[in-house]
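Student: Have a look at this one.
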Amino acid sequence: MSVDKDLVSVQQARDLVEAAHRAQAQVAEFDQAKIDRICEAMARAALGEAARLGAMAVEETGFGVADDKREKNRFAAEDVWNYFRGLRTKGVVSETKDVVEIASPRGVVAGIILPLIQPRLQSSRS
């Protein structure tokens with residue numbers, strides 16, 4: 001009997017979102033310092049794998065240039081983290097005479113990662 005891969009992947013996505021929701025409830029209890037340590041560790045891990053993941057992306061899709069993918073991964077891991085480093089993401093994040101901004105968890109964000117992104121542009125550089 002064959003298995004419908006689309007149905008399996010839909011169920012896997014549902015399972016992952018449910019697990020993420022449970023994890024998010026735990027993370028919501030963390031203080032700012034612990035959130036910062038987690039983000040720092042994630043950025044370091046992603047940066048350490050930037051080249052390997054770039055090569056894997058080109059191998060899997062047949063599109064693009066591995067070094068360009070590495071740079072994209074480096075940017076996401078390092079530059080984005082450096083932008084957000086030091087920003088408050090929990091509790092009071094800013095306060096004026098009239099407004100107090102309070103950050104609070106909004107829940108799980110799930111996205112679909114497409115295996116081929118802009119193949120026409122990338123295939124011309126392959």
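Quick note: the coordinates plus some simple rules give every number you see, no bench work behind them. Remember, predicted model here, so these are calculated numbers, not experimental data. Note that we place each Cβ from the backbone using ideal geometry, even for glycine, and neighbour counts take in every protein chain shown.
For every residue, the table says whether it meets (1) outside any helix (DSSP H, G or I); (2) touching a residue at least 24 places away in the same chain (Cβ under 8 Å); (3) of a type outside the set (D, E, K, R).
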| residue | (1), (2), (3) |
| --- | --- |
| 9 | no, no, yes |
| 16 | no, yes, yes |
| 19 | no, no, yes |
| 24 | no, yes, yes |
| 30 | yes, yes, yes |
| 37 | no, no, no |
| 40 | no, yes, no |
| 54 | no, no, yes |
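Student: May I ask you to list the residues in the stretch 77-99 that are surrounded by 15 or more Cβ atoms within 10 Å (Cβ to Cβ) and free of Cβ contacts under 8 Å to residues at least 60 places away in the same chain?
Tutor: Once the filter is applied, which keeps residues that are surrounded by 15 or more Cβ atoms within 10 Å (Cβ to Cβ) and free of Cβ contacts under 8 Å to residues at least 60 places away in the same chain, the stretch 77-99 yields 77, 78, 81.
Student: Tally up the residues in the stretch 42-52 that are without any contact (Cβ under 8 Å) to a residue 24 or more places away in the chain and surrounded by 16 or more Cβ atoms within 10 Å (Cβ to Cβ), please.
Tutor: Looking only at that region, the number is 1.
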